[in-house]
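Structure record follows, encoded as structure tokens.
The values are calculated or read from the model by the stated rules, or taken from the named source; none is laboratory data. Everything quoted here is computed from the prediction, not taken from an experiment. Note that we place each Cβ from the backbone using ideal geometry, even for glycine, and neighbour counts take in every protein chain shown. Just the protein is used for accessible areas: all its heavy atoms, side chains included, with ligands, DNA and RNA removed. Shrake-Rupley method; radii C 1.70, N 1.55, O 1.52, S 1.80 Å.
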Amino acid sequence: MIRVAGLIQESIADGPGIRFVIFTQGCPHHCPGCHNPQTQCLQGGTLMSAEEILEQIRKNPLLSGVTFSGGEPFLQAEELLPIARECHRLGLDVVTYSGWTFEKLIEAHRPEWNSLIAESDIIVDGPFMQELRSYQTRFRGSSNQRLVNVALSLLMHTVHTIS
Ligand code: SF4
């Protein structure tokens with residue numbers, strides 16, 4: 001079961017195109033100025049199965065992709081994997097947010113993290129930094145955060161970003 005803070009059926013603010021957004025519950029980063037402080041508690045939210053969420057995703061033919069936001073999605077990497085895999089099978093792309101940098105996620109060498117990294121087309125990485133808050137950076141809250149092109153970064157063994 002996935003501990004969910006909330007769902008948005010259609011968003012244009014959480015990645016390219018029209019996206020279904022899953023806000024996961026629970027975050028260890030505690031960024032000052034966090035936009036979603038209610039998602040930090042590890043025990044809050046609602047438990048939902050991957051299939052319950054997929055049913056909602058399949059109903060909307062207008063979606064271009066699905067976004068895992070938070071909270072910290074990597075805390076529930078294993079639980080999110082079936083959704084990411086099914087989305088790819090359906091032709092949808094996957095954007096995953098994380099308060100950890102791409103380098104930290106890779107360096108952790110956690111199999112379930114590696115799997116979620118591999119099932120993400122874009123990872124929006126790094127903590128929200130109040131002093132770098134920006135309204136110019138697409139899909140990000142602060143300018144330290146990057147849109148990481150995951151396939152290219154894994155292939156080249158160095159981070160490649162999308163502007
Ligand atoms: S990573 Fe996101 S949800 Fe977690 S504390 Fe930072 S801004 Fe809030």
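A few notes on this one:
- Annotation: per residue accessible area for the chain equals 50 Å², rounded to a whole number [probe 1.4 Å, protein chains only].
- The relative contact order of the range 1-126 comes to 25 percent, based on Cα pairs under 8 Å that sit 6 or more residues apart.
- Exposed-site-free run, longest, the chain (rule: trypsin sites (Lys or Arg not before Pro); DSSP loop; at most 14 other C-beta within 10 Å): 60-137
- Rounded if a/c under 1.5, otherwise prolate or oblate - the range 77-163, Cα gyration tensor axes: prolate
- Solvent-accessible area, 1.4 Å probe, carbon plus sulfur percent, for the chain: 56
- For the chain: rounded, prolate or oblate by the Cα gyration tensor [a/c cutoff 1.5]: rounded
- Residue of Glu72, Glu112, Glu52 that the Gaussian network model of the chain assigns the largest fluctuation, springs spanning Cα pairs under 10 Å: Glu52
- Computing FRET efficiency as 1/(1 + (r/R0)^6) for Gln130 and Ser49, where r is the C-beta to C-beta distance and R0 is 45 Å, gives about 0.80.
- Structure-based [θ]222 nm, the chain - -39500 (n - 2.57) summed over DSSP H runs of at least 4, per residue, nearest 500: -7500 deg cm²/dmol
- Those chymotrypsin sites (Phe, Trp or Tyr not before Pro) in the range 118-163 that DSSP places in a loop and that have at most 14 other beta carbons within 10 Å: Tyr135
- Note on Leu62 and Glu10: their simple-model spin labels are 0.1 nm apart, each label 7 Å out from Cα toward Cβ.
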